[in-house]
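All remarks here apply to the structure that follows.
The values are calculated or read from the model by the stated rules, or taken from the named source; none is laboratory data. What you are looking at is a predicted structure, and each value in this text was computed from that prediction instead of being measured. Reconstructed Cβ throughout: ideal geometry from the backbone, glycine too, with neighbour counts over all protein chains shown. SASA here: full protein model, heavy atoms, side chains in, ligands and nucleic acids out. Shrake-Rupley method; radii C 1.70, N 1.55, O 1.52, S 1.80 Å.
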Amino acid sequence: MATPHNSAEIGDIAERVLLPGDPLRAKFIAENFLSDVKKYNEIRNVYGFTGKYKNIPVTVQATGMGIPSFSIYVHELIHVYGAKKLIRVGTCGGMHEKLKLRDVVIAQGTSTDSSIVRQVFGGAISFSLLADYELLSKAVENAKKLNIPVKVGNVFCTDYFYNDYCRENGIFSSNGLTLDQKMIQHGILAVEMESAALYMLAAAANVQGLALFTVSDHLGRGEESPAEEREKDFNEMIKIALETVIE
Ligand code: HPA
């Protein structure tokens, strides 16, 4: 049974899924890391592939950018196709000064300006959006084995890529600090746009979710990693994700 967004039949998609935003990254992962690859989706060019990694079926599904687009694909992966272990592989903007370009970040938890928690719990509680502990601890172990340094902590999942009027200049600043400065003061490492949806959907469905990122730019220092380097950094993160998703 296909969906309006995904032409996969039941069985075309594995229980273990990697989630890049960019369809061409999905293709790159499938071509460079998986064997016996089959492309099952081209609707909107948001490609999905299933292949094998170390003989275990793994799916790579692109999601587009941001919570709404991501949530459509991930909801269907979980509720229509039976995905059980889902790992987001994306980029993030470094916020905390201890992050460098190209670092790999693992989101132990995620804090968000999106309404997705309110839509589930109203204002009754501020639900903590957490990584699945098993995936998190295995990812940390695998990074050590692969000799790839990682930073583990809280990230900021935003609905706005461009939001200077609130975060830098605006209505939420207090004690002379901007919202970004306050978040950094409270240990937020980086900013990205999908992890809160993954952790919310995974919690609601009792499946496992984890979000990994490479730092592609640094907000405070105004740095950006050159396109050629991004591929190599990206590959390190993919190795951690694949070794973790097959466990
Ligand atoms: N903001 C939001 N998401 C991002 C960024 C950013 O600066 N960099 C990479 N993903």
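Has segment 166-187 got any residue that is in contact with a Ser or Thr (Cβ under 9 Å, 6 or more places away or on another chain), free of Cβ contacts under 8 Å to residues at least 24 places away in the same chain, assigned to a loop (DSSP other than H, G, I, E, B) and within 13 Å of the ligand (Cβ to nearest atom)? For segment 166-187, residues in contact with a Ser or Thr (Cβ under 9 Å, 6 or more places away or on another chain), free of Cβ contacts under 8 Å to residues at least 24 places away in the same chain, assigned to a loop (DSSP other than H, G, I, E, B) and within 13 Å of the ligand (Cβ to nearest atom): present. Number of residues in segment 215-226 that are within 12 Å of Thr91 (Cβ to Cβ) and outside any strand (DSSP E or B) equals 1.
Checked against the criterion of being without any contact (Cβ under 8 Å) to a residue 40 or more places away in the chain and out of contact with any Ser or Thr (no Cβ under 6 Å at 6 or more places or on another chain), the candidates Ala190, Ala227, Ala241, Ala203 yield just one match: Ala227.
Checking Val89, Val74 one by one, the residue that is within 20 Å of the chain's Cα centre (by Cα) and in a strand (DSSP E or B) is Val89 and no other.
Kindly indicate whether Asn147 is polar (S, T, N, Q) and open to solvent by 40 Å² or more (accessible area, probe 1.4 Å). When the stated conditions are applied, Asn147 passes them.
Looking across Phe28, Phe70, one residue alone is among the aromatic types (Phe, Trp, Tyr) and either open to solvent by 10 Å² or more (accessible area, probe 1.4 Å) or modelled with pLDDT under 95 (or both). It is Phe28.
Where residues in segment 83-96 are open to solvent by 20 Å² or more (accessible area, probe 1.4 Å) and farther than 17 Å from Leu189 by Cα, which of them is farthest from the ligand (Cβ to nearest atom)? Residue satisfying both the conditions and the ranking: Lys84. Within segment 127-140, the presence of a residue that is within 16 Å of the ligand (Cβ to nearest atom) and surrounded by 13 or more Cβ atoms within 10 Å (Cβ to Cβ) is excluded. The condition of being away from the ligand (no atom under 16 Å from the Cβ) and either open to solvent by 70 Å² or more (accessible area, probe 1.4 Å) or out of contact with any Leu (no Cβ under 6 Å at 6 or more places or on another chain) (or both) holds for only one of Ala197, Ala203, that being Ala203. Of all residues in segment 98-113 being more than 13 Å from the ligand (Cβ to nearest atom) and touching a Lys or Arg at 6+ places or on another chain (Cβ under 8 Å), which is most open to solvent (accessible area, probe 1.4 Å)? Per the criteria, the residue is Lys98. Looking at the structure I just gave you, is Lys39 surrounded by fewer than 22 Cβ atoms within 10 Å (Cβ to Cβ), more than 16 Å from the ligand (Cβ to nearest atom), modelled with pLDDT of 95 or more and farther than 16 Å from Asn235 by Cβ? Here the answer is yes, as Lys39 does meet what is asked.
The rows are residues; the columns are (1) buried (at least 19 other Cβ atoms within 10 Å of the Cβ); (2) at pLDDT 95 or above.
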site: Arg167; (1), (2): yes, no
site: Gly176; (1), (2): no, no
site: Leu189; (1), (2): yes, yes
site: Met193; (1), (2): yes, yes
site: Thr244; (1), (2): yes, yes
